[in-house]
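I have placed the structure first, in the form of C-alpha cells, so that the comments after it can refer back to it.
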Amino acid sequence: MTTMTSVDRFVINRNSEMVPQIPIENLYYLLCYAWDVTDQLNKVKVDGEHSHSLENLLASVLTNACERLLRRGLVQEYLFREQEVEGIRGKLNLAETLKSHRYRQGKTICTIDELTNDVLINQLIYLTLKRLVRLDSLDEKVKQKVRKTASKFPHLKEVNVTARTFDRIKLNRNNRFYALVLNVCKLIWQSTLPDKNKEGRYEFIDFTEDEFCMNAVFEHFLMNFCKQHCKGEYSEVHREHIDFKLTPYGMMFEEQEEEAFGVLPMMETDITLVNPSTNKKHILDAKYYREALVSKYAGTQKIRREHLSQILSYVMNQENPQKPETMNADGTLVYPTVNEDFDFSYTYGDTNHHIHVRTVNLNQPWQKIEERVKEIVKLQTMLVGL
C-alpha cells in the first residue's frame, strides 16, 4: 500500500482537553475501502508531507489520480447533436430541413453523433479542480499542483452541479477506473461551502465531525473489508433483512391480519457473514460514536441500551431451526475509537448465541487495524454469561 507520513490530528472537547482524531492516512484507507477502490491504493500516490489536513489530502489524491487519467486518456462518449451541414451527414432531419428552406443552398439539418470527451464525467472533475483553487485553506504548494493539473484538461463545458448530478453517472467496465476520482470529487463538493466573508471563495467543512456521515463510511469499510479478507471464514457476506417474529391475533378478518403484518417494520443488518458448511453465522453492527460507552450515575460507563437491544433483536429474530447456522449465530457491536480499547463477550441465557462488544482503534498503524478487524470477525475471545 502507499506509504504516507503519519500526521497527528486533535480536537478540543467540552472540557478543553486535546482529543486525538483519526490519522489522515488511516482516513484515506477507510475511504478507499468504503468506496471499494482499494485496487487503486498502490496506483495513486499521495504526498504525505502536504496531506496534513483533510482538504490537502483530498486535493493530493485528486490531482495524482487525475494525472493517471490524463496519461491514460479521458473517457469519450458519443453525443448526438443537430447541426446544419453541407450535403448530408449522419441522420437527415427532413422536416427541419424543409422548414428552414436551406436545402435550396445545398444545406440540410442533420443529427450527427460525435465522439467527444466533453461529457459530464470529465466536466465534474474539471469543475472540482477549479473549486479547489478557490479554497483558501489549501496549502499554496498543493494549490499550484491543482492549477497545473486543471490546465492539462481540454476545454470543457461548465455545468450546474447539484446534489444529484453525481448520481447521473453510471460506472461500467469501460470507465470503472474513474471510481476513486468521482468519489473524491463528490466528497469535496459535499465538504465545501461558499465563504460568507469572501465572495467567490470556499471554506472546507470537516466531514469527520458528522457522525452520520462517518457511520456510513465505517459501515461500508467493514462490509468491503469482510468481502475482501474474510471469504476464508465465511462464504457469504451481505446485508440481511430480518422479520420480527410476531404473529397478529384477535383479528376477525384475514384482511385485518394482513394489515397488521404490513405495519411491522423490517430489520436490516449492516453486515451478515455466513458459512453454511460450518454452521457459522456472525452479524456485525457498525456504530460510529465519539464515546463507545455512555456515562451513567456515579461516573460508571455502560454499553448503550438501544445498541444492545438492537443486536439482540437481530440474533433472536433470525433464528430458523431448518438452518443450523442461525441457531448458533453471534452478534457483535463494533465501535471505532482513537484512545481506548475493550472486548466484552456474553452468552445469551441458555441459547447458543453469543453477543460481543468490540472496538477498533483507528489511531494505530493500518496493518494493526486490519489485524484487529480480522480478529473481531474470527471471534477468538473468552465468553461470560449474560
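Here is how the numbers come out for the structure above:
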{"item": "Candidates 274, 315, filtered to the one that is part of a helix (DSSP H, G or I), in the same structural domain as residue 379 (by TED's automatic domain parsing) and hydrophobic (A, V, I, L, M, F, W, C)", "result": "315"}
{"item": "Selection status of residue 9, at pLDDT below 55, crowded, with 16+ Cβ neighbours inside 10 Å and not polar (S, T, N, Q)", "result": "yes"}
{"item": "Residue among 332, 359, 326, 351 that alone is assigned to a helix (DSSP H, G or I), among the polar types (S, T, N, Q) and assigned by TED's automatic domain parsing to the domain that holds residue 291", "result": "326"}
{"item": "Count of the range 344-369 residues which are of a type in the set (D, E, K, R), surrounded by fewer than 17 Cβ atoms within 10 Å (Cβ to Cβ) and at pLDDT 90 or above", "result": "1"}
{"item": "Selected residue (criterion: nearest to residue 184 (Cα to Cα)) from residues of the range 106-124 that are of a type in the set (D, E, K, R) and buried (at least 16 other Cβ atoms within 10 Å of the Cβ)", "result": "118"}
{"item": "Neighbours by Cβ (under 6 Å, 6+ apart or cross-chain): first from the range 279-303, over 20 Å from residue 313 (Cβ atoms); second part of a loop (DSSP other than H, G, I, E, B) and modelled with pLDDT of 80 or more", "result": "279/328; 301/293"}
{"item": "Selection count, the range 184-232, where residues are of a type in the set (Lys, Arg), in a helix (DSSP H, G or I) and over 21 Å from residue 54 (Cα atoms)", "result": "1"}
{"item": "Condition check for residue 162: touching a residue at least 24 places away in the same chain (Cβ under 8 Å), among the polar types (S, T, N, Q) and within 30 Å of residue 60 (Cβ to Cβ)", "result": "no"}
{"item": "Criterion: basic (Lys, Arg) and under 22 Å from residue 36 (Cβ atoms) - qualifying residue of 227, 196, 280, 245", "result": "227"}
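The values are calculated or read from the model by the stated rules, or taken from the named source; none is laboratory data. Just so we're clear, the structure is a prediction, and the values are computed from it rather than from any experiment. Glycine also receives a Cβ, built like all others from the backbone with ideal geometry; neighbour counts cover every protein chain displayed.
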